[in-house]
Each structure stands twice: as structure tokens, then as C-alpha cells.
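Quick notes on the structure that follows.
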Amino acid sequence: TWQTMAAAWPGRAGDPFADRMNAIPKYVVTSTLREDELTWNNTTRIPGDAAIAHIRELREAYGGDLLVMGSPTLARTLLGEGLVDELRLLIEPVLLGGGKTIFPDDGVLRAFELVSTVTAATGANVSTYRPVSGG
């Protein structure tokens, strides 16, 4: 995900969304990319084996306001560790019959409540869920 975004956003300067994407701190959880390969503005490497501890530190420093884009493996890990305060799921009106899941397969109940849903003209839904207190 980072490689795709790093190839696209730096060349779109002047667009408010692109300017924001280029300016914000970015943290890449990886066991394959090296620090010297992460050339997109404000990018920091987090070694895969140190991810949970580092993310806990970042949550404390930023008051929990971190966003995960892309990585189903990281999302699954964060859900399993209880480090997800909100899920925003983009539900497309297309069935592919496969893919990667963000949901842990440990059988643990993690209750979330629907906070909002917005339907785009294309029929896609953006649904926001938050953990149920005590769940």
C-alpha cells in the first residue's frame, strides 16, 4: 500500500488532499522495506516485530488518532490486540469471491456498533463502527 501511495501522491502537489497526504507523518510497518527505501515525505519505518509496542507508543503520543490504510494483516493484528477504536469499512456492490480478511480468526467476540453509513451514488457504502463498551 505504501509503495503504491508513495508513487502517486508526491506528484500531485497543489491539491488540498494530496498536500495533506504529503505532509502528515506516515509509519510503515514492514519486515521487507529498508529505511533508505522509504523516500516519501515524513515516512518512518516500524519493524514488523516491533509494531504493536511502537503503535501503542504512537497512540499515547497522538491521543489514539492513527489511521491504517491497506494492510489487512496489520488491521487483523490491531483488532486482535484491542487497538482499534473505529472501523470504517467501504462496502462495494461487487462480489469477488475471495480476498484477504481483516478479521482475526481466534474466535474471540469483539462487539462493534454501527455509528453511521453513507451511500455513494455508485452504491458503495462507507460504514463506521466503534467497539461496544465492555465488548
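Going by Cα centres, the stretch 50-95 and the stretch 12-27 are how many Å apart?
About 20 Å separates the Cα centre of the stretch 50-95 from the one of the stretch 12-27.
Taking amide hydrogens as modeled 1.01 Å from N in the peptide plane, which residues meet the under 5 Å criterion relative to Asn41, leaving out close sequence neighbours?
Under 5 Å from the amide H of Asn41: no residue qualifies.
Cα convex hull of the stretch 66-111: mean projected area in nm², to one decimal? Don't jump to the answer; show the numbers that get you there.
Working: hull surface 15.7 nm².
That works out to 3.9 nm².
Order the following by accessible area, largest value first: Ser31, Ser71. Probe radius 1.4 Å; ligands, DNA and RNA are ignored.
Ser31, Ser71
About its Cα centre, what dipole magnitude does the stretch 88-131 give when the only charges are +1 on Lys and Arg Cβ and -1 on Asp and Glu Cβ, stated in debye to the nearest 20?
It works out to roughly 120 debye.
Any idea what the dipole of the chain comes to, in debye rounded to 20, about its Cα centre with Lys/Arg Cβ at +1 and Asp/Glu Cβ at -1?
180 debye
Over the chain, calculate the relative contact order: mean separation of alpha carbon pairs under 8 Å at least 6 apart, over the residue count, as a percent. List each step's numbers first, then the result.
Values: 145 pairs, mean separation 22.7, N = 135.
It comes to 17 percent, rounded to a whole number.
Report, by chain and number, residues whose modeled amide H sits under 5 Å from the one on Tyr27, excluding near sequence neighbours (fewer than 5 apart, same chain).
Answer set, sorted by chain and number: Thr44.
With P(r) over Cα pairs in 10 Å bins from 0, in percent defined as stated, name the option among (i) 10, 33, 39, 17, 1; (ii) 13, 46, 34, 7, 0; (iii) 11, 38, 36, 14, 1 computed from the structure displayed.
Here P(r) over Cα pairs in 10 Å bins from 0, in percent agrees with entry (i).
Quote the relative contact order of the stretch 88-135 in percent (integer), defining contacts as alpha-carbon pairs under 8 Å separated by 6+ residues.
Over the stretch 88-135, the number comes to 47 percent.
Please report the accessible area of Met5 (heavy atoms, 1.4 Å probe, ligands and nucleic acids excluded) in Å², nearest 10.
30 Å²
The values are calculated or read from the model by the stated rules, or taken from the named source; none is laboratory data. Quantities reported herein were computed from a predicted structural model and do not represent experimental measurements. Neighbour counts are summed over all protein chains in view; Cβ atoms, including those assigned to glycine, are modelled from backbone coordinates with ideal geometry. Note: accessible area is taken over every heavy atom of the protein model, side chains too, but ligands, DNA and RNA are not part of it. Shrake-Rupley method; radii C 1.70, N 1.55, O 1.52, S 1.80 Å.
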